[in-house]
There are 2 protein chains.
Amino acid sequence: MNGILSGLRIVEGSAFIAAPMAGMTLAQLGADVIRFDDIKGGLDSDRWPVTKDGQSIYWAGLNKGKRSIAVDLRNPKGRELLTALITAPGDNAGIFSTNMPARGWLAYEELSKKRADLIALNIVGDRHGAANVDYTVNSITGFPLVTGPADHQGPVNNVLPAWDIATAYAAAMSILAAERHRRMTGQGQRIVLPLQDMALAAVSATGYIGEAVVNKVDRPRFGNQIFGTFGRDFRTKDGKYVMVCIFSDRHLDALAKAGSFGDAFARIEKDKGVDLKLEADRWKARAELAAVIEPWVASQNAADVAASLRKAGALWAPYQSFRELSVDNDAVLDNPMFTVLDQPGIGRYPVAASPVQFAAVPREAPRPAPLLGQHTDEILSGVLGLSAAEIGKLHDEKIVAGPR
Amino acid sequence: MNGILSGLRIVEGSAFIAAPMAGMTLAQLGADVIRFDDIKGGLDSDRWPVTKDGQSIYWAGLNKGKRSIAVDLRNPKGRELLTALITAPGDNAGIFSTNMPARGWLAYEELSKKRADLIALNIVGDRHGAANVDYTVNSITGFPLVTGPADHQGPVNNVLPAWDIATAYAAAMSILAAERHRRMTGQGQRIVLPLQDMALAAVSATGYIGEAVVNKVDRPRFGNQIFGTFGRDFRTKDGKYVMVCIFSDRHLDALAKAGSFGDAFARIEKDKGVDLKLEADRWKARAELAAVIEPWVASQNAADVAASLRKAGALWAPYQSFRELSVDNDAVLDNPMFTVLDQPGIGRYPVAASPVQFAAVPREAPRPAPLLGQHTDEILSGVLGLSAAEIGKLHDEKIVAGPR
């Protein structure tokens, strides 16, 4: 390991998406991330999608590159071991990341008795500590009522767990901010990160609350159109779809060139009295722009549309399925971020490393997710300094377990 | 300012969402974030939503708490000033974040001649450096083809700019990782973060590529249902919607209690031969579960459904519009993350601070976005040490500008 965070150690007690993805993000930057689970597996150990044999592809995706220790969480001796692990000495240790309820033995007050400068990050559902998931958080943001076809009634949920993903990176950022603070002041601390507040802060940042209050409007549903400029999907002759956008003069000119739309665009400008170089005017003329582009896309197969748009340098992209993506040369197969890994129990498939490229260190290739308890013995020995006899006894007493 | 990143200085040359939101995120944690723009304003200075007077609510949302300097970017003397600002000395300075093309005077090679340990983060569209926006990146991920009503044909775009938001936090994280590395080694570096790779890494982490390759399936559209467990929307008597989920035994029991579904749930278990405590079995019995819940929700007004679900401790949430959110007591009005700010030129509305709560430092209240060039003089004087006469001359030569 030679990642940018090499040497940093984070102990993680987690389930679902945000918390394990935070740990995975740090592990892929070279941190030693130790995930602990109950010897029976965590809440998310069998989550879908699974293979035909019931192996969780989901779990494998979110726990790549971590070390796993399996401990009986109900046994006081198991809890003692984990407390020792979380609070183990070292400048780069003493960082605990969790979305388990921070009560009892996992409360900051308890853990920090063993290490005063502990950093403990707790991802919670909302600021009151109530349960929330990406879906319940998203419901209240307003987004589901403006997502989906313009004539649709009712909400449209995101399939993409957007708030979990953002929270994962925010959690990783917060740990580094607190670690910096500790390095400068010697002081540890508890960090609380509510999933709901993450979503609400983003709604605020992107202007939706300001728009609602200041303009006293509820923005209507605009289907697949990008609000305030030009962008939407178009259907090709062979039933594929492309997304076409204009965010700048350059994109306008490139699109005009791709479809020989120069005269038609000039006519729109004249007839509607607009300047298509302005975002607001493109939005005003969106129906007219679409009327020009639609027949051009509809008269050609996707491959030909793609060739013209690519050649002209337009801002566009094809829509594709997950399966098409998985064999997409540029995005996946030839992308150095991806490596075909053999994930034990699941099989071989392309797996992403960190999307961040640091020039000072080579990007670490992705490493498989561990089997549950795969590193139990090496952690007990290497981090806690237990002898082979002591470790054997913990196994005999069923306080710890190796891989199933 | 007493935030966790107090003292850290980041110079930002940015537009749109990901890059300015990264800066805003760090500014809200106490960093001194200086955004520079051309004296005519950046590409995104007038982006929608706007007020009736054309003031950008969008820009205000993404630039909160920063300082603004306005410089003629075409003038070599303006570029010299900004180079000096980006590479200004200080342990906590010399950090540059941008999504402008890192060419010419903004190339890392040029900037690092003035400061060898410069940290420069460049957010790019894809790893080749091609233009991409949230929408084009999302198109290729696969998500638009599984989002939206189950019987819908064609893609459904996210309105929520999920990839921009995740990239913003990843960028903030990356800056802190590189700053830690510099603190330990003395070494600066260039960081490249492609928006497209951010999305692809998340598709990989959440198991979609693995599922496509290993199981050789394209997951179909399941509408508003949560894949692999139980969760979907239900319509109330008064035409509102609620999201109801079951992620654990506790949520199952609470839902049963809220609607007195105990017998009905037991009957489903018997008839279908399933155990509703298992995620996979809830997914198998999702139609039967919905058939029990649907008439119960449909027979009551939203307020009554909410009262029962809340009292029982179910995992649920109401759907609401942005306007309803903006006056939501719990989420916004009583939420200490929000402060009603007067944003100059726009008006008063609730604005979010950082969603992260660090125990060691009080959370900073949100600060308004600056007017373009609001801090030009104080930055030239305070950071670059220019005299009043020198600053006056720069104004006279129209190399810099104050607020319009």
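Please treat every number below as a calculation from the coordinates, not as lab data. Nothing here was measured: the structure is a model prediction, and the numbers come from that model. Cβ atoms come from the backbone with ideal geometry, glycine included; neighbour counts cover every protein chain shown.
Find the Rg to Rh ratio for the stretch A:306-378, where Rh is the Kirkwood radius over alpha-carbon pairs and Rg uses the same atoms. The partial results should precede the final answer.
Working: Rg = 17.0 Å, Rh = 15.2 Å.
Using only Cα positions, Rg/Rh for the stretch A:306-378 is 1.12.
Take the alpha carbon atoms of the stretch B:269-401, find their radius of gyration, then divide it by 2.2 N^0.38 Å using N residues; give the quotient.
On the way: Rg = 27.1 Å, N = 133, 2.2 N^0.38 = 14.1 Å.
Normalised by 2.2 N^0.38 Å, the Cα Rg of the stretch B:269-401 equals 1.92.
Within 10 Å of each Cβ in peptide B:245-252, how many partner chain Cβ atoms are there on average? Round it to a whole number, please.
On the way: counts 7, 0, 9, 3, 0, 1, 2, 0.
Across B:245-252, the average partner-chain Cβ count within 10 Å equals 3.
Computed FRET efficiency, Cβ-Cβ of B:S6 and B:D249, R0 51 Å: what is it to the nearest 0.05? Before the final figure, lay out the partial values.
On the way: r = 45 Å, r/R0 = 0.88.
In this case the efficiency is close to 0.70.
Report for the stretch B:21-125 the percent antiparallel among DSSP-assigned beta bridges with both residues inside it, nearest 5.
10
Calculate the dipole size of the protein assembly as shown relative to its Cα centre from +1 charges on Lys and Arg beta carbons and -1 charges on Asp and Glu beta carbons; express the result in debye to the nearest 20. Let's see the in-between values first.
Numbers: 90 positive and 90 negative charges, 63 e Å.
For this selection, approximately 300 debye.
From Cα pairs below 8 angstrom and at least 6 apart in sequence, can you work out the relative contact order of chain B, rounded to a whole percent? Don't jump to the answer; show the numbers that get you there.
Working: 711 pairs, mean separation 78.2, N = 404.
RCO, chain B: 19 percent.
Whole percent per 5 Å bin, from 0 to the bin with the longest distance: what is P(r) over all C-alpha pairs of the stretch A:88-143?
The percentages, shortest bin first, are 4, 17, 23, 18, 13, 10, 9, 5, 2, 0.
Rank these for me by crowding, A:F358, A:F227, going from fewest to most other beta carbons within 10 Å.
A:F227, A:F358
Ignoring solvent entirely, what values of log10 I(q)/I(0) come out of the Debye formula for the protein assembly as shown at 0.06, 0.08, 0.09, 0.11 Å⁻¹ when each Cα is a single scatterer?
Taking Cα atoms of the protein assembly as shown as identical point scatterers yields -0.37, -0.67, -0.86, -1.33.
List the distances, in nm and shortest first, from the label point of A:K216 to the matching label points in every other copy, placing each point 7 Å from Cα along the Cα-to-Cβ direction.
6.2
If you restrict to DSSP beta bridges whose two residues both lie in the protein assembly as shown, what percentage is antiparallel, to the nearest 5?
50
Over the stretch B:356-404, with a single point scatterer placed on each C-alpha, what log10 of the ratio I(q)/I(0) does the Debye formula yield at q = 0.14 1/Å?
Calculated log10 I(q)/I(0) at the listed q: -0.50.
The stretch B:70-143 to the stretch B:339-380: how many Å between their Cα centroids?
Their Cα centres are 24 Å away from one another.
Counting other C-beta atoms within 10 Å, which of B:Y319, B:Y135 has the fewest, and how do the rest follow?
On the way: B:Y319 23, B:Y135 26.
Ranked by crowding around the Cβ, least crowded first: B:Y319, B:Y135.
Given 4 °C and 1.567 mPa s, how large is the Stokes-Einstein diffusion coefficient of the stretch B:175-295 in µm²/s, with Rh as the Kirkwood radius over Cα pairs?
Numbers: Rh = 18.1 Å.
Stokes-Einstein gives a translational diffusion coefficient of 72 µm²/s.
Could you work out, residue by residue across A:220-226, how many beta carbons of other chains sit within 10 Å of that residue's beta carbon, and then give the average as an integer?
Neighbouring Cβ atoms belonging to other protein chains average 4 per residue here.
Hey, fewest Cβ within 10 Å first, where do B:S6, B:S260 land in order? Don't jump to the answer; show the numbers that get you there.
Details: B:S6 16, B:S260 11.
Final ranking by Cβ density, sparse to dense: B:S260, B:S6.
Positive end of the dipole of the stretch A:19-167, charges at C-beta (+1 Lys, Arg; -1 Asp, Glu), about the Cα centre: which of A:I39, A:A19, A:L81 has its Cα farthest in that direction?
My answer, from the dipole projection, is A:L81.
In peptide B:392-399, what is the residue-averaged number of other protein chain Cβ atoms found within 10 Å of each Cβ? Display every interim value, and only then the final one.
Values: counts 0, 0, 0, 0, 0, 0, 0, 0.
Per-residue shielding by partner chains comes out at 0.
Using a simple charge model, +1 on the beta-carbon of Lys and Arg, -1 on the beta-carbon of Asp and Glu, nothing else, what dipole does the stretch B:339-397 show about its Cα centre, in debye to the nearest 20? Please list the in-between numbers first.
Numbers: 4 positive and 7 negative charges, 81 e Å.
Dipole of the stretch B:339-397, to the nearest 20 debye: 380 debye.
Order of B:28-35, A:114-121 by packing, highest average Cβ count within 10 Å first? Let's see the in-between values first.
Details: B:28-35: 25.6, A:114-121: 20.2.
Highest-to-lowest ranking by the protection proxy: B:28-35, A:114-121.
Take the alpha-carbon centre of the stretch B:150-196, take the same for the stretch A:237-277, and report the distance between them in whole Å.
Taking the Cα centre of each part, the stretch B:150-196 and the stretch A:237-277 sit 30 Å apart.
Along the positive direction of the dipole of the protein assembly as shown (beta-carbon charges: Lys, Arg +1; Asp, Glu -1; about the Cα centre), which of A:L5, A:G402, B:L386 reaches farthest?
B:L386
Residue farthest toward the positive end of the dipole of the protein assembly as shown, with Cβ of Lys/Arg at +1 and Asp/Glu at -1: which of A:T51, B:P101, B:S56?
Working it through, the farthest residue towards the positive pole turns out to be B:P101.
Please figure out what share of the DSSP beta bridges in chain A is antiparallel and state it in percent, rounded to the nearest 5. Walk me through the numbers on the way to the answer.
Details: 19 of 42 bridges.
Taking every DSSP beta bridge with both residues in chain A, the antiparallel ones total about 45 percent.
As a test of the formula, what do you get for the protein assembly as shown when each DSSP H run with n ≥ 4 contributes -39,500 (n - 2.57) and the sum is divided by the residue count, at 222 nm and rounded to the nearest 500 deg cm²/dmol? Walk me through the numbers before you get to the answer.
Values: 32 runs with 314 residues, N = 808.
After summing the helix terms and dividing by the residues of the protein assembly as shown, the value is -11500 deg cm²/dmol.
At B:K237, label 7 Å along Cα→Cβ: distances to the other copies, nm, ascending?
From this label point to the equivalent ones elsewhere in the assembly: 5.7 nm.
Give A:K311/B:K40; B:K277/B:K311; A:K284/B:K52; B:K64/B:K398 a once-over and call out the pairs whose C-alpha atoms are over 23 Å from each other.
Values: A:K311/B:K40 32 Å; B:K277/B:K311 21 Å; A:K284/B:K52 15 Å; B:K64/B:K398 26 Å.
The answer is A:K311/B:K40; B:K64/B:K398.
Mind listing the label-point distances from A:G90 to the same position on all other copies, shortest first, one decimal in nm, points 7 Å along Cα→Cβ?
3.4
Please give the charge dipole size of chain A, origin at the Cα centre, charges +1 on K and R Cβ atoms and -1 on D and E Cβ atoms. Round to the nearest 20 debye.
Details: 45 positive and 45 negative charges, 47 e Å.
Here the size comes out at about 220 debye.
Hey, what D do you get for the stretch B:87-223 in µm²/s if you plug the Kirkwood alpha-carbon radius into Stokes-Einstein at 10 °C and 1.306 mPa s? Intermediate results must be reported in sequence, preceding the final value.
Details: Rh = 17.0 Å.
Here the translational diffusion coefficient equals 93 µm²/s.
So if I take the alpha carbon set of the stretch A:12-97, get Rg, then get Rh from the Kirkwood formula, what is the Rg over Rh ratio?
Details: Rg = 13.4 Å, Rh = 13.6 Å.
Dividing the radius of gyration by the Kirkwood radius yields 0.99.
Once you order the gyration tensor axes a ≥ b ≥ c over the Cα atoms, which shape class does chain A get: rounded for a/c under 1.5, otherwise prolate or oblate by comparing a/b with b/c?
Details: a/c = 2.53, a/b = 1.99, b/c = 1.27.
The shape class here is prolate.
Quick one: grab the alpha carbon gyration tensor of the stretch B:39-150, order the square roots of its eigenvalues as a ≥ b ≥ c, and give me rounded if a/c is under 1.5, else prolate or oblate depending on whether a/b is larger than b/c. Could you put the intermediate results ahead of the total?
Values: a/c = 2.39, a/b = 1.47, b/c = 1.63.
Oblate is the answer for the stretch B:39-150, as a/c is 1.5 or above yet b/c matches or exceeds a/b.
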